[in-house]
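S.K.: If you scroll down you'll find the structure; I have some questions about it.
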Amino acid sequence: MYGSLDISVSGMIAQRTRMDTIAANLANANAVADANGNPNPYRRRIAIFEPGDPNATTSVGRDLGVHVAAIELDRGEFRKEWDPTHPMARKAGETDAGYVYYPNVDPVTENVNAIDAIRAYEANVAAAEATKTMAAQALRLLA
């Protein structure tokens, strides 16, 4: 029964990390420059899940649940808009002069992913609550 709770908790942790990644994507949806002010659009991040918990102390625990294996960069194309007056527009003589490159973040896709992550988190909470209720019932029967 304790393994069931671990599985639910690992799912909640993974979905929270996914939501943090989605929030960062939405926060940087219009970031066309890096921290130094150079033209370098933000690249969308994606949380990659893998089964198991590599930090578990037992071999059975390492096979249960899910974890975020990596946060990877989306290699999709940047959004390109014509705006020669923008300070980050490509200069004359450069490839695509007059264009501004925006991050490859689609707010609609990110919002759909956020709803999915929230629902998955809620499902893990419900599973944890059910596990807790079953454990309480079992203890009541033994008492």
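S.K.: Per residue, how much accessible area does the chain show when a 1.4 Å probe rolls over the protein heavy atoms, in square angstrom?
M.R.: With all protein chains present, the chain gives 65 Å² per residue.
S.K.: If you don't mind, there's one more thing I want to ask. Give, in whole angstrom and from largest to smallest, the semi-axes √(5λ) of the equivalent ellipsoid of the range 44-115, with λ running over the eigenvalues of the Cα gyration tensor.
M.R.: Square roots of five times the eigenvalues give 42, 13, 7 Å.
S.K.: Divide by every residue of the chain the summed helix terms, -39500 (n - 2.57) for each DSSP H run of at least 4, and state the resulting mean residue ellipticity at 222 nm, rounded to the nearest 500 deg cm²/dmol.
M.R.: -16500 deg cm²/dmol
S.K.: For the range 94-143, what are Rg and Dmax over the alpha carbons, in angstrom?
M.R.: Reported Rg and Dmax, both Å: 23.5, 78.
S.K.: Could I ask something else about it? Can you compute the FRET efficiency between Arg62 and Ala114 using 1/(1 + (r/R0)^6), with r the Cβ-Cβ distance and R0 = 35 Å? Round to the nearest 0.05.
M.R.: Rounded to the nearest 0.05, the efficiency is 0.75.
S.K.: Summing Lys, Arg as +1 and Asp, Glu as -1, what charge do residues with Cβ under 9 Å from the Cβ of Ile22 carry, Ile22 excluded? Numbers along the way, then the final one.
M.R.: Details: positive: Arg18, Arg45; negative: Asp20, Glu110.
Net charge in that neighbourhood comes out at 0.
S.K.: According to a simple spin-label model (label point 7 Å from Cα along Cα-to-Cβ), what is the distance in nm between Leu26 and Asp106?
M.R.: In this crude spin-label approximation the distance works out to 1.7 nm.
S.K.: Separate question: Between Thr85 and Arg140, how many nm apart are label points set 7 Å from Cα along the C-beta direction?
M.R.: Label-label distance for Thr85 and Arg140, simple model: 7.0 nm.
S.K.: Dividing the convex hull volume of the Cα atoms of the chain by its residue count, what figure in Å³ per residue is obtained? Present the calculation step by step, with values, prior to reporting the outcome.
M.R.: On the way: hull volume 17.6 nm³, N = 143.
That works out to 123 Å³ per residue.
S.K.: Would you work out what percent of the accessible area of the chain, with all protein chains in place, is carbon or sulfur (probe 1.4 Å)? Numbers along the way, then the final one.
M.R.: Values: 5250 of 9230 Å².
Carbon plus sulfur share of accessible area: 57 percent.
S.K.: What angle do you read, to the nearest 10 degrees and between 0 and 90, between the alpha-carbon axis of helix 107-142 and the longest principal axis of the chain?
M.R.: Helix 107-142 sits roughly 10 degrees off the main axis of the chain.
S.K.: With a cut-off of at most 14 other beta carbons within 10 Å, and DSSP calling the residue loop, which trypsin sites (Lys or Arg not before Pro) in the range 54-114 qualify? Please list them. Can you show the working numbers first?
M.R.: On the way: sites: Arg62, Arg75, Arg79, Lys80, Arg90, Lys91; in loops: Arg75, Arg90, Lys91.
Passing both the DSSP loop test and the Cβ count: Arg75, Lys91.
S.K.: Measure nothing but the geometry: give the 0 to 90° angle between the long axis through the Cα atoms of 2-27 and the longest principal axis through the Cα atoms of the chain, rounded to 10°.
M.R.: Tilt relative to the chain: about 10 degrees.
S.K.: Could you work out how much longer the chain between Arg75 and Glu94 gets when fully extended? Use 0.36 nm per residue separation minus the Cα distance between them, nm to one decimal.
M.R.: Result for the pair: 4.6 nm of gain on full extension.
The values are calculated or read from the model by the stated rules, or taken from the named source; none is laboratory data. Here the structure is a predicted model, which is why all the values come from computation and not from measurement. Neighbour counts run over all protein chains shown; Cβ positions are idealised from the backbone, glycine included. Note: areas computed on protein heavy atoms with side chains; ligands, DNA, RNA excluded. Shrake-Rupley method; radii C 1.70, N 1.55, O 1.52, S 1.80 Å.
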